[in-house]
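Data first, discussion second: the structure below is written as structure tokens.
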Amino acid sequence: MMFHAENPAAGPLKSRLREVRAEIARTGTYTHTPGELAFGARVAWRNSSKCIGRLYWRSLRVRDRRHVDTPEGVAVECVNHLRDAAPGRRIRPTITVFAPDRPGVPGPRIWNEQLIRYAGYEMDDGSLVGDPRYGRFTTMLRKLGWPGGPGTPFDVLPLAVSIGGGSPLLSTIPGDAVLEVPLTHPVYPWFERLGLRWHAVPAISNMCLEIGGICYRAAPFNGWYMGTEIGARNLADADRYDLLPTVARAMGLDTGTDRSLWRDYALVELNIAVLHSFERAGVTMTDHHTESRRFLTHLDREERAGRLCPADWSWIVPPISASATPVFHRYYDDRQLSPNFVHHRDSVD
Ligand code: HEM
Ligand SMILES: N=C(Nc1cccc(CNC[C@@H]2CCCN2)c1)c1cccs1
């Protein structure tokens, strides 16, 4: 009797395949068992070639919510996801899987890119308060009736959920479900006065979990942050919070010439502040040196297990101090494996 090589618990393969083929012939699709769904989600993470954090792929917690069939129910389960993923200050990699589309029965759609994102308020004078990446999304939500938050640069956006066509349900995430860290610097007292903060749980909600040809379009998943994502991209990119000139000026650097490397000094101090603040708050976060080492450990383990570990150098190598991390100094094989997490066909990034 043939058992699936990687997943002995799955039972005999031939009879399962016969069952699946019969279900597809009958209904045009098929339904994963809870075991297939959990293993498929873990292997999809293991196959995510842009992810540096895959060492712990076996520990992914899977919340099977395929029975939830109202937008209100989906919004409630997204909030429950955030509570489950960070019951305290420790963050646990978790995925919640909602129903896929079935012939004639569309599954839920989460319109947010991540469960927690900050609004970008486009003001009448052309300026923007908050995260510019979500300016258009925020304007769309306000046209759909969202009253907007207090108007700070860090107002958490509501969840937007729909099933089938039509406008989405907008649902505010309760504040006690949003773990946030105020940002301070270990040496510069003026840093706190910038009034910066960031949320602790990155939860991607706009990717499709593809397992055996089934696309779970609403399957939010979280890990924890690597500090550079906040310190080198979200707060530093010119088309995000664009804080390098602000930090450099406060440090008294010469921002008049690139050759003073003022951007580089500001980047490092911003990243030091992020790591220091999460450490002080006791909230899970990793640094890019530790995470690079862990990834190469993962790569080695996968090779020993006789598996190919796909990786995309341009995403694996951190956005600062690239060649100071071990992942920089080698090549990778970026083969597309399945199961995997993919961007929807119709969404353009
Ligand atoms: C546990 C801690 C984790 C860390 C530190 C981590 C770190 C990262 C980082 C830094 C990126 C690049 C993001 C960017 O540059 O915008 C990334 C990408 C990615 N991660 Fe992980 N990750 C973790 C867990 C997970 C989990 C649990 C999943 C899914 C179950 C996952 C799936 C992915 C995917 C699919 C991408 C590529 C996203 C895209 O193509 O846009 N990661 N990860
Ligand atoms: N630490 C994380 N970061 C992460 C992972 C995947 C995707 C993203 C968001 N990527 C899109 C941004 C926006 C432009 C370039 N990066 C962040 C995780 C998010 C969910 C699980 S781990």
ask   = open to solvent by less than 30 Å² (accessible area, probe 1.4 Å), in a helix (DSSP H, G or I) and of a type in the set (A, V, I, L, M, F, W, C), is that true of residue 274?
value = yes
inquiry  = Against the condition modelled with pLDDT of 95 or more, in a helix (DSSP H, G or I) and either crowded, with 23+ Cβ neighbours inside 10 Å or in contact with a His (Cβ under 8 Å, 6 or more places away or on another chain) (or both), how does residue 267 come out, does it pass?
reply    = yes
key: Unique match (being under 26 Å from residue 38 (Cβ atoms) and either more than 14 Å from ligand 1 (Cβ to nearest atom) or more than 17 Å from the chain's Cα centre (by Cα) (or both)) among 338, 321, 292, 314   = 338
note = When every residue in region 92-145 that is over 28 Å from residue 223 (Cβ atoms) and touching a helix residue (DSSP H, G or I) at 6+ places or on another chain (Cβ under 9 Å) is compared, the one surrounded by the fewest Cβ atoms within 10 Å (Cβ to Cβ) is 103
query = Got at least one residue in region 278-293 being within 24 Å of residue 211 (Cβ to Cβ), at pLDDT 95 or above and out of contact with any Phe, Trp or Tyr (no Cβ under 6 Å at 6 or more places or on another chain)?
reply = no
task = Keeping to region 55-87, report how many residues are in a helix (DSSP H, G or I), open to solvent by less than 30 Å² (accessible area, probe 1.4 Å), within 19 Å of residue 159 (Cα to Cα) and touching a residue at least 24 places away in the same chain (Cβ under 8 Å).
result = 7
request  = Examine region 148-159 for a residue that is open to solvent by 50 Å² or more (accessible area, probe 1.4 Å) and in contact (Cβ under 8 Å) with a residue 40 or more places away in the chain, and state whether such a residue exists.
outcome  = yes
query = How many residues does region 141-162 contain that are within 22 Å of the chain's Cα centre (by Cα) and within 23 Å of residue 76 (Cα to Cα)?
reply = 10
note = Over region 254-264, the set of residues of a type in the set (A, V, I, L, M, F, W, C) and either loosely packed, with under 15 Cβ neighbours inside 10 Å or closer than 13 Å to residue 230 by Cα (or both) is 261
query = If you go through region 151-171 one residue at a time, do you hit one that is in contact with a His (Cβ under 8 Å, 6 or more places away or on another chain), within 16 Å of ligand 2 (Cβ to nearest atom) and within 21 Å of residue 283 (Cα to Cα)?
reply = no
query = Among all residue pairs at least 6 apart or on different chains, which show Cβ distances below 9 Å where the first residue, located in region 307-330, is over 15 Å from residue 291 (Cβ atoms) and away from ligand 2 (no atom under 14 Å from the Cβ) and the second is open to solvent by 20 Å² or more (accessible area, probe 1.4 Å) and aliphatic (A, V, I, L, M)?
reply = 308/337; 310/337; 330/296
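Does residue 300 count as in contact with an Asp or Glu (Cβ under 6 Å, 6 or more places away or on another chain), at negative phi and either surrounded by fewer than 15 Cβ atoms within 10 Å (Cβ to Cβ) or in contact (Cβ under 8 Å) with a residue 40 or more places away in the chain (or both)?
For residue 300, the condition - in contact with an Asp or Glu (Cβ under 6 Å, 6 or more places away or on another chain), at negative phi and either surrounded by fewer than 15 Cβ atoms within 10 Å (Cβ to Cβ) or in contact (Cβ under 8 Å) with a residue 40 or more places away in the chain (or both) - is not met.
Per-residue answers, yes or no, for (1) among the β-branched types (Val, Ile, Thr); (2) within 12 Å of ligand 2 (Cβ to nearest atom); (3) touching a residue at least 40 places away in the same chain (Cβ under 8 Å):
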site: 199; (1), (2), (3): no, yes, yes
site: 202; (1), (2), (3): no, yes, yes
site: 208; (1), (2), (3): no, no, yes
site: 215; (1), (2), (3): no, no, yes
site: 229; (1), (2), (3): no, yes, no
ask   = Only one of these conditions is not met by residue 336: (1) surrounded by 11 or more Cβ atoms within 10 Å (Cβ to Cβ); (2) in contact (Cβ under 8 Å) with a residue 60 or more places away in the chain. Which number is it?
value = (1)
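Could you check how many residues of region 88-129 are closer than 23 Å to residue 78 by Cα and either outside any loop (DSSP other than H, G, I, E, B) or within 16 Å of ligand 1 (Cβ to nearest atom) (or both)? Show your work before the answer.
As a first pass, look at region 88-129 and keep what is closer than 23 Å to residue 78 by Cα: 88-102, 105-120.
Filter once more, so that each one left must be either outside any loop (DSSP other than H, G, I, E, B) or within 16 Å of ligand 1 (Cβ to nearest atom) (or both): 89-98, 102, 105, 108-110, 112-118, 120.
Of the residues in region 88-129, 23 are closer than 23 Å to residue 78 by Cα and either outside any loop (DSSP other than H, G, I, E, B) or within 16 Å of ligand 1 (Cβ to nearest atom) (or both).
Any residue that is of a type in the set (A, V, I, L, M) and loosely packed, with under 15 Cβ neighbours inside 10 Å - is there at least one of those in region 305-312?
Looking for residues that are of a type in the set (A, V, I, L, M) and loosely packed, with under 15 Cβ neighbours inside 10 Å, one finds at least one in region 305-312, hence yes.
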query = Residue check: is residue 283 touching a Lys or Arg at 6+ places or on another chain (Cβ under 6 Å) and either assigned to a helix (DSSP H, G or I) or closer than 26 Å to residue 201 by Cα (or both)?
reply = yes
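The values are calculated or read from the model by the stated rules, or taken from the named source; none is laboratory data. Since the model is a prediction, treat every value here as computed from it, not as a measurement. Note that each Cβ is placed from the backbone with ideal geometry, even for glycine, and that neighbours are counted across all protein chains shown. Each accessible area value is taken on the protein alone, full model and side chains, heavy atoms only, with ligands, DNA and RNA left out. Shrake-Rupley method; radii C 1.70, N 1.55, O 1.52, S 1.80 Å.
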